[in-house]
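Worksheet for the structure shown next.
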Amino acid sequence: RLLPRQRLAAALRAAELGDLEALVWMRSQGSTSFEPGAQLTLTLAANGHAAALDWAARAARAPWHWDACLAAARRGHAGVLAVARRCGALGRAREVERCRQAAAAQGHAGVLEFLDGLVQDEEPSSF
C-alpha cells in the first residue's frame, strides 16, 4: 500500500504524462484528489493535457483554477484553454487579458488567436 506522498507523486507523474487511464484508475481507488488549485490540475494544464483536464472537470468535478489557465497560456496550450472555456473558466475579460499577456510574452500566436476570438464573442463589460 502506498503512502499519501507516494500516491501524490504517482498522480503527478501520470498528470505530467497525460496518462488519463492511470488517473481514472487512481480516482476509482480513491487515490487522487482534484481540488481547486491542486498541483495535479495545474500539472495537467501546464503540460497541455486537454482530454485529461476535461475528464477531471466533468467526471471528477474539479473546478478550474486560475493558475491552470495561466499556465496553459504561458506554455501555448490553446486546447487546454478551449476546455477551460467550455467548463466555465475564462468567463471574465480580465482573465482573458491576463492569459493573453502571458501567451504574448512567450510568442504563442495560436493561443493569442484563440483568446482574441473569446474577446470578440464577449459583450463589453467593466472590471
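Structure data summary
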{"item": "Residues located in region 62-118, provided they are over 18 Å from Gly18 (Cβ atoms), small (Gly, Ala, Ser), under 15 Å from the mean Cα position of the chain (by Cα) and not in a helix (DSSP H, G or I)", "result": "Gly88, Ala89, Gly91"}
{"item": "Exclusive hit being of a type in the set (Gly, Ala, Ser), free of Cβ contacts under 8 Å to residues at least 60 places away in the same chain and touching an Asp or Glu at 6+ places or on another chain (Cβ under 7 Å), set Ala93, Ala11, Ala84", "result": "Ala93"}
{"item": "Residues that are of a type in the set (Val, Ile, Thr) and surrounded by fewer than 21 Cβ atoms within 10 Å (Cβ to Cβ), drawn from region 38-62", "result": "none"}
{"item": "Members of region 63-97 found to be closer than 24 Å to Val24 by Cα, of a type in the set (A, V, I, L, M, F, W, C) and open to solvent by 10 Å² or more (accessible area, probe 1.4 Å), listed by number", "result": "Trp64, Trp66, Ala71, Ala78, Ala82, Cys87, Ala89"}
{"item": "Breaking point among (1) within 20 Å of Asp67 (Cβ to Cβ); (2) hydroxyl-bearing (Ser, Thr, Tyr); (3) at pLDDT below 80, for Ser31", "result": "(1)"}
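The values are calculated or read from the model by the stated rules, or taken from the named source; none is laboratory data. Please read all numbers here as calculations on a predicted model, not as lab measurements. All Cβ positions, glycine included, derive from the backbone under ideal geometry; neighbour counts span all protein chains shown. Note: accessible area is taken over every heavy atom of the protein model, side chains too, but ligands, DNA and RNA are not part of it. Shrake-Rupley method; radii C 1.70, N 1.55, O 1.52, S 1.80 Å.
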